[in-house]
Every structure is written in structure tokens, then in C-alpha cells.
Amino acid sequence: MRILVVEDEKKVASFIQRGLEGEGFTVDLASDGEEGVAMGKQNNYDLILMDIMLPKMDGLSAIKALREEGVPAPVLCLTAKDTVEDIVAGLDSGSDDYLTKPFAFAELLARVRALVRRGTQERGAEIVYADLKLDPVAHKVWRGDNEIDLTAKEYALLEFFMRNPETTLTRTMIAEHVWDYTFDSFTNIIDVYVNYLRKKVDRDYTQKLIHTVRGVGYVLKED
Ligand code: CA
């Protein structure tokens, strides 16, 4: 689970980051509204925590911008003001919930868990590509009528491919999404795992689905 925290107060940002990482979440930080929008568009977050008073672009405008770009991640607003007008403005802009500063970490965590759970349920529908079918709730995968037995990492890798079909995925993108990790020597591991996955998904079929994009990465497509 990957969370973006958009917060310009360094102390608050690192307090949230430490707490959430301690609970097993992966946390990225953005320190102004523009950076928040850029990162929110670029990565596939499970949740975005958005402060309202931000430099460059305020939080409400940032949420609107993200929604206009079709970013589906649930958004939890952090606001220093708790007037009805502010809360309504926040919800109108496309946020899902709000929390008034100062807050206890336990309260933040409860809201985060509720929103992430809701998001996961909404994403629970089966994903189908060609004759591949993936059930994100049961963590099961089929090709045609045959269930494919995958390890947790192979499953996460295939899910990432199936959520982004016919899109070239660079090794960096794969590393960030599947391993929450980025550095160059890691790309060998990705190649190894893609080969594991190919053996299970493609080896016994004439129609190959996982293709190498030379010098770039991989793509899931029908030819
Ligand atoms: Ca602020």
C-alpha cells in the first residue's frame, strides 16, 4: 500500500511518514500543491493525504486538478480550519474525508485504514485481458480455464501488468510498484521475475502476452 503525503510543514510530514511506515505503508512526500499533483498523476497511490494550506497551489485546487486528470485514489484532507464551509469545500473538491489539525496519530491511522479498505473494495472487480483473468480479492489468476499458481511477487507483478495493459512498463516503474524500491542493480531481479512469470503465463501457449521492449522494459499485449 502506497500513500502520498502532501504537506509543507516538515515536522508534520515526517511525523505522518514515520507513523505510517511503522504500520507497513510505503510513504512518499510532496511539499507543495504542484509537486503533489505531479506525483499523484505519475504514481498509482492507494491514498493521498492532502494538507489544505500549501505553497504554490492550495490543497483544494490540487485535489480538483487530480480528479480532472482522472486520478482515482481516495483523498483525506488535512485542515487547520474546521468550519462547515471549509469542510464542504473540501468534500466538493473531490476529497473523501477530512481531519482537523492537530490530530492524534491513532485517529489519522483509523481514517487511513477505512479509506484504503474502501478503495480496495472498489478495486475488487475482476480484471480481464485477452484470456487472462485476475481476481484481486481472492488473489487468483486464470488463463482460459486453467488456474495459474503464482507466488506473491509474481502475482503482484502480473496484477501491475494487467492494470496497465498495452502500456510499456519500464523496469523503474515495475520496481517502484511491485517492490517499493528503486536502484539500478535491482533491474536484474525484475528480469528474473518476469521470466518466472512468463514460464507460468506464456510458455504453454502459442499466443504470448508478456513481451520485451528492448532497452526499455516490458509490455502486456496480444501480439
Ligand atoms: Ca500547510
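The values are calculated or read from the model by the stated rules, or taken from the named source; none is laboratory data. All figures in this text were calculated on a predicted structure; none of them were measured in a lab. Heads up, the Cβs are rebuilt from the backbone with ideal geometry, glycines too, and the neighbour counts pull from every protein chain shown. Keep in mind that these areas ignore ligands, DNA and RNA; they rest on the heavy atoms of the full protein, side chains included. Shrake-Rupley method; radii C 1.70, N 1.55, O 1.52, S 1.80 Å.
Note on residue 41: aspartates and glutamates with a C-alpha under 12 Å away, same-chain residues under 8 apart excluded, are 68, 69. Using every pair of distinct Cα positions in the chain, the Kirkwood expression returns a hydrodynamic radius of 18.9 angstrom. Between the amide H of residue 93 and any residue lying 5 or more places away or on another chain, no distance stays under 5 Å, with hydrogens modeled in the peptide plane.
Pairs over the 23 Å Cα-Cα cut-off, from the set 64/133; 153/200; 11/153; 11/64; 140/221: 64/133; 11/153; 11/64.
Largest first, the extents of the alpha carbon coordinates of the stretch 2-122 on the three principal axes equal 31, 28, 26 Å. Express the carbon and sulfur contribution to the solvent-accessible surface of the chain as a percent, rounded to the nearest whole number, probe 1.4 angstrom. With neighbouring chains kept in place, the figure for the chain is 49 percent. Surface exposure of the stretch 2-122, expressed per residue as accessible area with a 1.4 Å probe, stands at 49 Å².
Under the convention that each Lys and Arg Cβ holds +1 and each Asp and Glu Cβ holds -1, the size of the dipole of the stretch 127-220 around its Cα centre is about 220 debye. Under a 5 Å amide H cut-off, with hydrogens placed 1.01 Å from N, residue 47 pairs with 2, 4 among residues at least 5 apart or on other chains. For the chain, the residue among 150, 219, 110 whose Cα projects farthest onto the positive side of the dipole built from Cβ charges is 150.
Under the combined filter of DSSP loop state and at most 14 neighbouring Cβ atoms within 10 Å, the stretch 125-221 retains these chymotrypsin sites (Phe, Trp or Tyr not before Pro): 181, 183, 205. For the stretch 127-220, the Kirkwood hydrodynamic radius from C-alpha pairs, put into Stokes-Einstein at 10 °C and a viscosity of 1.306 mPa s, yields a diffusion coefficient of 119 µm² per second.
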